Amino acid sequence: MSDDKDEAQDEVKLPQKTAPLPSKVAPDIQITEKNNWLIHMLFIRKEFSTCKKIIKSQLEETHNTCEYALYVQGMMLRSEAMIQESLESFQAAAMLNPNNIENLKQVGRSLYLLGRHKAALDIYTEASRINPDDPELLHNQGVCLVYLKEYKKAKTFFYKSIHIQQSEHAYIQLSKLHILQDDKDGAISVLLKSVEHFPENTKLLTALGLLYLNAGEIQKAFEYLGNAMTYDSENIDAIIGLASIMQDHGDYDVALTKYRVAASISPESNTLWNNIGLCFHGKKKLVAAISCLKRAYYFAPFEWKTAYNLGFDLPNYTRDHLLYTLEVLSNVVRYNRE
């Protein structure tokens with residue numbers, strides 16, 4: 001027995017062989033998205049110069065296979081008005097991941113900005129197959145259809161977008177669509193519904209007030225334009241709208257006071273200087289009126305109403321500018337044959 005125990009102890013004490021250590025280090029696996037966090041941080045901070053360097057390095061390293069780098073590159077190019085280049089960048093990102101709806105949206109947006117509305121509509125339609133209930137896609141399809149003069153289809157898409165998600169932009173586009181079809185009552189109805197959902201939205205309140213003003217419903221126009229001014233005291237369209245109401249009632253000095261405020265906000269507004277000129281005309285100050293109307297005509301030479309007002313006032317002041325008057329009135333006929 002003792003001999004057996006000694007043998008067992010000897011067996012236990014035998015040295016064990018260990019596995020050899022690997023002679024090579026594990027290969028470094030390249031991750032195409034490793035700098036996405038840095039690209040995102042620089043982009044939202046608007047540090048574009050540094051962001052471009054990181055993107056360039058990332059794309060060279062990954063042989064143009066980093067989707068997010070291409071996406072951000074497209075966004076930066078478009079912000080710099082390089083629309084065609086941004087389109088190419090978004091298309092490259094979409095080829096890497098055709099199921100990413102954001103890539104397709106940006107491809108469509110760049111096509112839209114290039115004026116290629118049919119091509120943009122095709123891209124939005126393709127993206128809607130991935131998510132048919134995306135309100136932004138429905139809205140964008142409607143906008144493209146408006147440019148293609150398919151108003152009935154456009155209206156359907158806008159209403160679908162609003163049904164899924166209430167949007168001020170969709171309401172504004174719908175109202176513009178009704179105006180294009182000479183349906184002012186329909187436009188007012190749409191905007192009345194919109195202010196129920198967005199009672200403090202100054203764009204909607206101003207648009208509704210101006211529509212009432214054009215329809216001759218002065219009291220309602222004053223109410224909605226006043227509400228818009230309550231929420232945004234520097235709303236240029238609301239200021240001009242309210243001042244024009246006072247101007248129509250012969251309160252030229254009060255109107256000019258409001259126009260002075262508007263001029264400090266938007267000094268290059270054609271409508272503003274046209275109305276100021278008409279105020280001076282009402283006060284029989286023809287020199288000042290012509291000066292303001294000339295400025296308005298300079299800012300918008302294709303605006304026939306300004307040309308008409310200027311052509312009407314010039315002969316009353318002097319006969320020495322008959323050729324200029326003829327040119328101005330010719331533009332009236334050219335741009336508005338009605």
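The values are calculated or read from the model by the stated rules, or taken from the named source; none is laboratory data. Remember, predicted model here, so these are calculated numbers, not experimental data. For neighbour counting, all protein chains shown are included, and Cβ atoms are generated from backbone atoms with ideal geometry for every residue, glycine included. Surface areas here come from the heavy atoms of the whole protein model, side chains and all, with no ligands, DNA or RNA. Shrake-Rupley method; radii C 1.70, N 1.55, O 1.52, S 1.80 Å.
Assorted remarks:
- Distance (nanometres) between label positions extended 7 Å along Cα→Cβ at Glu223 and Tyr159: 2.7
- Inter-centroid distance (Cα atoms) of segment 235-275 relative to segment 64-81, Å: 43
- Evaluated at q = 0.17 Å⁻¹: base-10 log I(q)/I(0), Debye formula over Cα of segment 47-132: -0.66
- Protein heavy-atom surface of segment 94-248, 1.4 angstrom probe: 49% of the accessible area is carbon and sulfur, with nucleic acids and ligands not counted.
- Residue-normalised accessible area of segment 139-180, given per residue in Å² at a 1.4 Å probe: 54
- Label-point separation in nm, Ser291 to Asn214, each point 7 Å along Cα→Cβ: 3.3
- Alpha carbon centroid spacing (whole Å) that separates segment 132-169 from segment 89-126: 17
- Calculated FRET efficiency for the pair Val261/Lys305, C-beta based, R₀ 22 Å, to 0.05: 0.45
- Simple Cβ-charge dipole of segment 61-143, Lys/Arg +1 and Asp/Glu -1, about Cα centre, in debye nearest 20: 260
- Entry comment: accessible area of segment 186-238 is 50 Å² per residue, from protein heavy atoms only and a probe of 1.4 Å.
- Note on Glu85 and Lys152: their simple-model spin labels are 4.5 nm apart, each label 7 Å out from Cα toward Cβ.
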